[in-house]
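The values are calculated or read from the model by the stated rules, or taken from the named source; none is laboratory data. None of these values were measured; they are calculated from a predicted model. Cβ placement follows ideal geometry from the backbone for every residue including glycine, while neighbour counts extend to all protein chains displayed. All accessible areas refer to the heavy atoms of the entire protein, side chains included, with ligands and DNA or RNA removed. Shrake-Rupley method; radii C 1.70, N 1.55, O 1.52, S 1.80 Å.
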Amino acid sequence: MAPSGSADLVIVANRLPVDRVTLPDGSTEWRRSPGGLVSAIEPVMRANDGTWIGWPGGTETDLEPFEDEGLDLVPITLTQQEVEDFYEGFANATLWPLYHDVVAKPEFHREWWDAYVAVNRRFAEEAAAVAAKDATVWVHDYQLQLVPQMLRELRPDLRIGFYLHIPFPPAELFQQLPWRRQLLEGLLGADLVGFQLAGAAQNFVRLVRQRVGHKTHRDLVYLPDGRTVRAAAFPISIDAQGFEDLARSEEVSQRAKEIREAVGNPRRIFLGVDRLDYTKGIYARLRAYSELVVEGELNVEDAVFIQVATPSREQVEQYRILRDDIDRLVGRVNGDLGKIGRPVIHYLHSSYPPEEMAAFYRAADIMAVTPLRDGMNLVAKEYVACRFDNDGALVLSEFAGAAEELRQAWLVNPHDINGMKSAFLEAYRADDKEVTRRMKAMRKTVKQNDVAAWAESFLTELEAGRPSHGKSVRPPNRS
Ligand code: G6P
């Protein structure tokens, strides 16, 4: 296939940064897409004038490439059947639970796999069509693991990077997949395969050696055709300065005050912010908190829990079950333990713009981020970035990637309810000096390793391996 496109940097991700949403009156509007992936990649795109290929969320077939706030977007169309089999099925009911420690049982269906192959091919063909000669293509996340190999076959001139935003499972779990070899070979189409943590990169290299039989040495895989593929960790981050600026703004300060007042100005506000996903440990977290209220360690005059749960993947059965479970738990806890005007838990099943999130972060004294497994968890970093007064306590799961960097958080095992209760109480009772000492250290880490540094290190590494340093891609501006 001859190069025909003009884009020097192509981002390929399942989602576009905006979603096309159909309103009750039949009209449509564009909304920002959920999740950490989109917010991390957007600054890279802006710095490079890149082209972004992705799915805009629905099943419309009439979409042409378009520009949105200065970004060149190329929509990929999925049929209703593909949404069910590729997105809800293979991506989110097979790979997602399998890669997250099987905290829910993954389902294996051959027709889902067929849809995964077909949709990956569509993304690869589109990338091949828009990329200029010798361009850089950066493919993202578990929905698109076959794209690197498919794209290489179409366009061997390209420099291809792949980044996995979620955990990569240990061999013992990955091996369950009937299509394990195809996925590994799909990823090996890339020149550089990036993961959140070093352990994930090691899992991958070990699996390639065992299952595909290629020679490996440390983080390198040697392919029979002479190519080498590198697998390494690039822990993702956030636009730390952007969040801090938002948190410092007059509007957000004012809004944070309003939030505190609206919940009755208690001594301490606990906060949870998650996509409503069973990997996030929301149920166990709220149970732990409510037990502290039952036991009288906390009371509803002094403390309140605000849980923001962003609607997510609502057609997938496990997500529906989770929603019902949380609804029931919150109802029971508030019914049993709340008082007039003083619920134990304020539960918000909704998504909010970054300004409102920054206000929640500023209003909260204790942030509870307790996933059962999480690739990184950007909410933890956003909270830290917003605490410019060096106060605020973070209770963080050991099983979030962020725990490798944010060592000064109150680290917890989210399966251990008593351990979580102790950590909540310690964070609640900690003196200001202790809280400040911890927050200061975490802020330093988050500020140094922001999303610009992440993109810079990935792209620099990807370009460094080019045979002829022909082209180069700029990282986003450091602020
Ligand atoms: C996680 C994944 C992303 C995904 C996001 C939102 O952050 O790593 O790939 O886009 O969740 O999930 P959704 O299914 O709504 O795209």
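A few points about this structure:
- Contact annotation: residue pairs with Cβ atoms under 6 Å, 6 or more positions apart or on different chains, pairing a residue in the stretch 118-147 that is farther than 22 Å from P167 by Cβ and in contact (Cβ under 8 Å) with a residue 24 or more places away in the chain with a partner that is within 16 Å of the ligand (Cβ to nearest atom) and among the acidic types (D, E), are V119/E82.
- Odd one out for L63 among (1) within 30 Å of P235 (Cα to Cα); (2) open to solvent by 20 Å² or more (accessible area, probe 1.4 Å); (3) away from the ligand (no atom under 13 Å from the Cβ): (1)
This table checks each residue for (1) more than 16 Å from the ligand (Cβ to nearest atom); (2) over 20 Å from N413 (Cβ atoms); (3) touching a helix residue (DSSP H, G or I) at 6+ places or on another chain (Cβ under 8 Å); (4) open to solvent by less than 10 Å² (accessible area, probe 1.4 Å).
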| position | (1), (2), (3), (4) |
| --- | --- |
| G264 | yes, yes, no, no |
| L271 | yes, yes, yes, yes |
| R275 | no, yes, no, no |
| Y289 | yes, no, yes, yes |
| D302 | yes, yes, no, no |
| D325 | yes, yes, yes, no |
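- Which numbered condition G89 fails, given (1) over 17 Å from the mean Cα position of the chain (by Cα); (2) more than 13 Å from the ligand (Cβ to nearest atom): (2)
- Scan of the stretch 444-462 for residues that are within 23 Å of N413 (Cα to Cα) and open to solvent by 20 Å² or more (accessible area, probe 1.4 Å), ordered by number: T445
- Strands (runs of 3 or more DSSP E) wholly inside the stretch 1-60 that include at least 2 residues being of a type outside the set (G, A, S), surrounded by fewer than 21 Cβ atoms within 10 Å (Cβ to Cβ) and within 15 Å of the ligand (Cβ to nearest atom): 18-22, 28-32
- S457 being small (G, A, S) and more than 27 Å from the chain's Cα centre (by Cα): no
- Single residue of E111, E172 found to be among the charged types (D, E, K, R) and without any contact (Cβ under 8 Å) to a residue 12 or more places away in the chain: E172
- V316 vs. criteria modelled with pLDDT of 95 or more, among the β-branched types (V, I, T), farther than 18 Å from S350 by Cβ and open to solvent by less than 50 Å² (accessible area, probe 1.4 Å): yes
- V369 vs. criteria over 26 Å from D239 (Cβ atoms) and of a type in the set (A, V, I, L, M): no
- A single entry from Y383, Y347, Y352 fulfils the requirement of being away from the ligand (no atom under 16 Å from the Cβ), of a type in the set (S, T, Y) and over 22 Å from G331 (Cα atoms): Y383.
- Pairs meeting the criteria (first residue in the stretch 329-357 and of a type in the set (A, V, I, L, M, F, W, C), second residue in a loop (DSSP other than H, G, I, E, B) and surrounded by 12 or more Cβ atoms within 10 Å (Cβ to Cβ), beta carbons under 8 Å, at least 6 apart or on different chains) are V333/V344; L337/V300; L337/V344; V344/V300; V344/G338.
- Among residues of the stretch 291-300, those that are buried (at least 17 other Cβ atoms within 10 Å of the Cβ) and either under 25 Å from the mean Cα position of the chain (by Cα) or not in a helix (DSSP H, G or I) (or both), counted: 2
- Every residue from the stretch 72-99 that is in contact with a strand residue (DSSP E or B) (Cβ under 9 Å, 6 or more places away or on another chain) and outside any helix (DSSP H, G or I): D72, L73, V74, P75, I76, T77, L78
- Failed item in (1) open to solvent by 50 Å² or more (accessible area, probe 1.4 Å); (2) assigned to a strand (DSSP E or B), with I321 passing the rest: (2)
Each row is one residue, and each column tells you yes or no for (1) assigned by TED's automatic domain parsing to the domain that holds A400; (2) within 16 Å of the ligand (Cβ to nearest atom).
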| position | (1), (2) |
| --- | --- |
| I166 | no, yes |
| G199 | no, no |
| V208 | no, no |
| V252 | yes, no |
| E261 | yes, no |
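- Contact annotation: residue pairs with Cβ atoms under 8 Å, 6 or more positions apart or on different chains, pairing a residue in the stretch 57-72 that is within 25 Å of S6 (Cβ to Cβ) with a partner that is modelled with pLDDT under 90 and basic (K, R), are L63/R20; G70/R46; L71/R46.
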